[in-house]
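Novice: Take a look at the following structure, please.
What follows is calculated from the coordinates using simple rules that are stated; it is not laboratory data. As the structure is a computational prediction, the values presented were derived from the model and not from experiment. A quick note on method: Cβ atoms are made from the backbone with ideal geometry, for glycine too, and the neighbour counts reach across all protein chains shown.
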Amino acid sequence: MSQYESSVKLIPYPQARVYAKLEDLNNLEGLKDRLPQDKVKEFTYSRDEATVNVPPMGNVTIRVVEREEPKCIKLEAVGSPIPINLWVQIIPNGEEASKMRVVVKAEVNFMLRSMIEKPLKEGIEKIAEALSLIAY
């Protein structure tokens, strides 16, 4: 399994507040306007799942599989052709701020790895950036 990590993002909100917002996927409502409308056709969410329709791939769903309050939210891709796990790690940075990093673990064969590695890394960085810009 290959692991990819975003850069560490500084967030000017305490760890518990960031965790409380991210552990419930209903709170992704604020990200809807930041999604590229030409690439994303539909975005639905509930407390434990979020689904985005990305042509030509179709629906991509992520599901929360574990919550480690207040430091980590673990998600997995549902119905993905390759097994993918995504972790959002949150650590305190003093009393009024925190740091966040997105980690993706994917089971990708050698041939496919060279084709998707760069877009995957860029996507992870964009996810981390979007999450760091939320008003917690």
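Novice: Excluding residue 92 itself, what net charge comes from residues whose Cβ is under 10 Å from its Cβ, given Lys and Arg +1 and Asp and Glu -1? Could you put the intermediate results ahead of the total?
Specialist: Working: positive: 71, 99; negative: 95, 96.
Net local charge, residue 92 excluded: 0.
Novice: Next up: Charges only on Cβ, +1 for Lys and Arg, -1 for Asp and Glu: so what's the dipole of segment 2-132 about the Cα centre, in debye to the nearest 20?
Specialist: The calculation lands at about 240 debye.
Novice: Shifting gears a bit: Per DSSP H run of at least 4 residues, take -39500 (n - 2.57); add these up for the chain, divide by its residues and hand me the 222 nm value, nearest 500 deg cm²/dmol. Walk me through the numbers on the way to the answer.
Specialist: On the way: 2 runs with 31 residues, N = 136.
Helix-only estimate at 222 nm: -7500 deg cm²/dmol.
Novice: When the C-alpha atoms of segment 2-132 are aligned to their principal axes, what extent does each axis show, in angstrom, from largest down?
Specialist: 44, 30, 25
Novice: Between residue 116 and residue 67, what is 0.36 nm times their sequence separation minus the Cα-Cα distance? Round to one decimal in nm.
Specialist: Once the chain is fully extended between residue 116 and residue 67, it gains 14.8 nm.
Novice: So what's the net charge close to residue 61: Lys and Arg +1, Asp and Glu -1, counting the other residues with Cβ under 12 Å from its Cβ?
Specialist: Charge balance in the 12 Å sphere: -3.
Novice: Go through 21/74; 99/126; 21/71; 9/71; 71/118; 21/41 and tell me which ones have a Cα-Cα distance over 21 Å in this structure.
Specialist: Beyond 21 Å: 71/118; 21/41.
Novice: Taking the mean number of other Cβ atoms within 10 Å as a proxy for protection, how do you rank 104-116, 84-96 from highest to lowest?
Specialist: Highest-to-lowest ranking by the protection proxy: 84-96, 104-116.
Novice: Shifting gears a bit: What is the gain in length, in nm to one decimal, between residue 17 and residue 127 on full extension, counting 0.36 nm per residue of separation less the C-alpha to C-alpha distance?
Specialist: 37.7 nm is the gain from fully extending residue 17 to residue 127.
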